[in-house]
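The values are calculated or read from the model by the stated rules, or taken from the named source; none is laboratory data. What you are looking at is a predicted structure, and each value in this text was computed from that prediction instead of being measured. For neighbour counting, all protein chains shown are included, and Cβ atoms are generated from backbone atoms with ideal geometry for every residue, glycine included.
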Amino acid sequence: MVKPNHPPFNRWLLSGEPLSPEQNAVLQEHLRTCPECGQLQTAWGEVQFQLRSAGQVAPAPGFASRFQQRLVLQRVKRQRRNAWILFLGAAVMAFAILSFFFWQIVGVFTTPVSLLSGLVYLWTYVFVFSERMTDVFGSAARFLPSITLFGLVFLVGFCTLMSVLWLVTYRQLTNGRREISW
Amino acid sequence: MNDLEPQALVQAQRGDAQAFSQLVEAYQRPVYNLCYRMLGDPYEAEDAAQETFLRAYDHLRRYDAQRSFSTWLLSIAAHHCIDQIRKRRFPLLSLDDDEAPYLEPPDAGPGPEIMLGQHEEQKKVQQLLGSLNSQDRAVVVMFYWYEMSYEEIADGLKMTVSAVKSRLHRARLALAKNWTVQEAQILPSERTKNGKAQSPAF
């Protein structure tokens, strides 16, 4: 068994750097008397031969065309992911807007029947709205396949900001009317 | 290793898919070889090599033309393979005969004995490499198969030159030790085989 306990000899043996004549003489002298370092020298010589003679292995034929297929699959996957991000962004926006409307409706309807009919109306509205949003953002995702994640975040953020702005404006306007009616 | 015309690289950076296909054609072999040497399994190596080119395609705009393209590409492959090895729960050094990598036939058209011999040699090399940790393995593969300098390896693997030298020394020592162990295991089994093959008449 090779034991790495003879520095600097094993360092010289494994360094691969050319030794000075003096170092070489000292090493040869040591190798004559040390079977462990002799074994290390033989083993490393064999390993080096194996490493240097093992050529490069090639992939199976058709690697480049398989890569092209994979690239196409990756693009499709990204389109789907982008569509999902857009859809989730739209869903969050829709939820925020509908929550706001719901809050308004609850305030308007006083009897349980009117509240129930209002909820049915709201549920139908949500369903139709989500279908429309899916259509809109699904088409957008198909037409904008190269949009980057940063661009996507920016777009969703911008839409959310505009929606919040719209909601605040709407709320202020409606509050204003109430004040006038009072 | 092929050094492509800078024009092809520039075109690929501008999003020319045809130019990038040329890059894949030119570098498929060195990238696959690195992945195979790192992972030891032809299917995993194919997957890793494909993933390397996908990552290169995604980040091609970030490539600094001052650096060697092959070093940049091989460093992506090496980092991906190191990550794959870390993710493994169990060692996957595949040495089955039916999972041998595709070896390009030499021009002379070797016979089955030569092919078998080559396969045995590849197995031995993979067994030796499999005994190293992933970082040391990457250093050894880059040094011996791609003849990279210490500086190039350090640049590719994001380590210092002294760390490369130290890893290389440690890896060589481990390889020599493992070679001795392998030989010690092979010799008794060959002796046993020869013993069984002898006729009782002798």
Review point. Taking interchain pairs and intrachain pairs at least six residues apart, which have beta carbon atoms under 8 angstrom, with the first residue in region A:151-167 and at pLDDT 85 or above and the second of a type in the set (Phe, Trp, Tyr)?
Key: A:LEU167/A:PHE100
Review point. Of all residues in region A:56-77, which are crowded, with 16+ Cβ neighbours inside 10 Å and either small (Gly, Ala, Ser) or more than 9 Å from every other protein chain (Cβ to nearest Cβ) (or both)?
Key: A:ALA58, A:ALA64
Exercise for review: Pull up region A:22-55, narrow it to residues that are surrounded by fewer than 17 Cβ atoms within 10 Å (Cβ to Cβ) and part of a loop (DSSP other than H, G, I, E, B), then point me to the one that is nearest to the other protein chains (Cβ to nearest Cβ).
Suggested key: A:GLY55
Exercise for review: Looking only at region B:158-172, count how many residues are within 13 Å of chain A (Cβ to nearest Cβ) and either of a type in the set (A, V, I, L, M, F, W, C) or part of a loop (DSSP other than H, G, I, E, B) (or both).
Suggested key: 3
Check your understanding: Got a number for residues in region A:120-139 being surrounded by 15 or more Cβ atoms within 10 Å (Cβ to Cβ) and not hydrophobic (A, V, I, L, M, F, W, C)?
Key -> 2
Review point. Of the residues that sit in region B:134-157 and are of a type in the set (D, E, K, R) and assigned to a helix (DSSP H, G or I), which one is nearest to B:CYS81 (Cα to Cα)?
Key: B:ARG137
Exercise for review: Would you point out which residue out of B:ASP47, B:ASP83, B:ASP64 is facing chain A (nearest Cβ under 10 Å) and free of Cβ contacts under 8 Å to residues at least 40 places away in the same chain?
Suggested key: B:ASP47
Check your understanding: Quick check, is B:GLN7 outside any helix (DSSP H, G or I) and away from chain A (no Cβ under 13 Å)?
Key -> no
Practice item. Looking only at region A:65-74, decide whether some residue is of a type in the set (Gly, Ala, Ser) and either farther than 30 Å from B:SER21 by Cβ or outside any helix (DSSP H, G or I) (or both). Key: no
Review point. Which residue pairs have Cβ atoms closer than 7 Å, lie 6 or more positions apart in sequence or on different chains, and pair a first residue in region B:155-169 that is within 19 Å of B:GLN66 (Cβ to Cβ) with a second residue that is among the small types (Gly, Ala, Ser) and part of a helix (DSSP H, G or I)?
Key: B:GLY156/B:SER75; B:GLY156/B:ALA78; B:LEU157/B:SER75; B:LEU157/B:ALA78; B:LEU157/B:ALA138; B:VAL161/B:ALA154
